[in-house]
């Protein structure tokens, strides 16, 4: 079946499925809307971790061992920075650093984040459209036992150790969703919207906290398919399961499905897990969601698209 596909994605896990969709679809048939709640300034540079994860995945540059950053990365900059007793809590590989420098330079010259991202796509030969969720700042912050922490301070600086009591998306109420993202979700030829297997609290809900983007998703003229990031009661990457427990939620697929109720028509659990319990308005399905190889990514993408086609 032809038509356009929109994917909502965070970093590592989401980027893998975006790549799989890129492998399964014609070049111009995919738009990825990417979380920017993780963005921050470091060493004077604008760092967009989730956008870069998606770019590196689509360009075939992702590091398969670490799961983040670029493959065959070198670390001369960090070694030199350590020798200068600089800030070394957030690792920047040499190739990755070039991305942040180029983005920051473009932004300083008056380009928007969307324009800088489009320029990176063209330079890397990426054909799917990659859009930040907004050109305006939204910042994910967490209230923990150690007080309010910015996302990167919690995630990298504190290694997700502090107990979390509350999550806030500062700026989401006033940030304007990218017009191109809203247009993509309203396309008359829209085939499917895919909520990728990203952390619902830290990667997807910052986007859903923007009223216009949430409304566009709720009114999309095509099925919305959400893919779980939880397998066997655990997250393959990141603190999704830990956050569920600390926020007083049952750790499992049903909790994730309920986060997307009213938006998604189909929820995909891993084939190794039992189907989640009944969530009104959401049909449960299963597929192999672990993506070790490019073939795994393509197979999951094709399974998700088949579910979307069947739900029309």
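So here's what we get for this one:
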{"quantity": "Of the criteria (1) at pLDDT below 95; (2) over 27 Å from residue 172 (Cα atoms); (3) touching a helix residue (DSSP H, G or I) at 6+ places or on another chain (Cβ under 7 Å), which one residue 21 fails", "calculated": "(1)"}
{"quantity": "Matching residues, segment 183-203, being touching a helix residue (DSSP H, G or I) at 6+ places or on another chain (Cβ under 8 Å), more than 21 Å from residue 24 (Cβ to Cβ) and assigned to a helix (DSSP H, G or I)", "calculated": "200, 201, 202, 203"}
{"quantity": "Residue 37 being under 17 Å from the mean Cα position of the chain (by Cα), modelled with pLDDT under 95 and under 30 Å from residue 292 (Cβ atoms)", "calculated": "no"}
{"quantity": "When residues of segment 268-284 are limited to those that are touching a helix residue (DSSP H, G or I) at 6+ places or on another chain (Cβ under 6 Å) and buried (at least 19 other Cβ atoms within 10 Å of the Cβ), the one nearest to residue 63 (Cα to Cα)", "calculated": "269"}
{"quantity": "Within segment 133-155, considering residues that are assigned to a loop (DSSP other than H, G, I, E, B) and in contact with a strand residue (DSSP E or B) (Cβ under 6 Å, 6 or more places away or on another chain), the one surrounded by the fewest Cβ atoms within 10 Å (Cβ to Cβ)", "calculated": "138"}
{"quantity": "Number of positions in segment 267-281 that are free of Cβ contacts under 8 Å to residues at least 40 places away in the same chain and under 18 Å from residue 250 (Cα atoms)", "calculated": "7"}
{"quantity": "Of all residues making up segment 109-132, the number that are in a helix (DSSP H, G or I) and touching a strand residue (DSSP E or B) at 6+ places or on another chain (Cβ under 9 Å)", "calculated": "7"}
{"quantity": "Test for residue 254: is it touching a residue at least 24 places away in the same chain (Cβ under 8 Å) and at negative phi", "calculated": "yes"}
{"quantity": "Identity of the residue in segment 242-254, surrounded by 19 or more Cβ atoms within 10 Å (Cβ to Cβ) and in a helix (DSSP H, G or I), that ends up farthest from the chain's Cα centre (by Cα)", "calculated": "254"}
{"quantity": "Among the candidates 96, 27, residue that is within 15 Å of residue 117 (Cα to Cα) and in contact (Cβ under 8 Å) with a residue 24 or more places away in the chain", "calculated": "96"}
{"quantity": "Qualifying residues in segment 207-241 (those that are assigned to a helix (DSSP H, G or I) and touching a strand residue (DSSP E or B) at 6+ places or on another chain (Cβ under 8 Å)) - the one surrounded by the most Cβ atoms within 10 Å (Cβ to Cβ)", "calculated": "207"}
{"quantity": "Given (1) buried (at least 19 other Cβ atoms within 10 Å of the Cβ); (2) at pLDDT 95 or above; (3) farther than 18 Å from residue 203 by Cβ, number of the condition residue 304 does not satisfy", "calculated": "(3)"}
{"quantity": "Residue in segment 170-179 that is within 24 Å of residue 28 (Cβ to Cβ) and touching a residue at least 40 places away in the same chain (Cβ under 8 Å) present", "calculated": "yes"}
{"quantity": "Check on residue 162, under 28 Å from residue 265 (Cα atoms) and not in a helix (DSSP H, G or I)", "calculated": "no"}
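The values are calculated or read from the model by the stated rules, or taken from the named source; none is laboratory data. What you see is a predicted model; the values in this text were computed from it and never measured. Cβ atoms come from the backbone with ideal geometry, glycine included; neighbour counts cover every protein chain shown.
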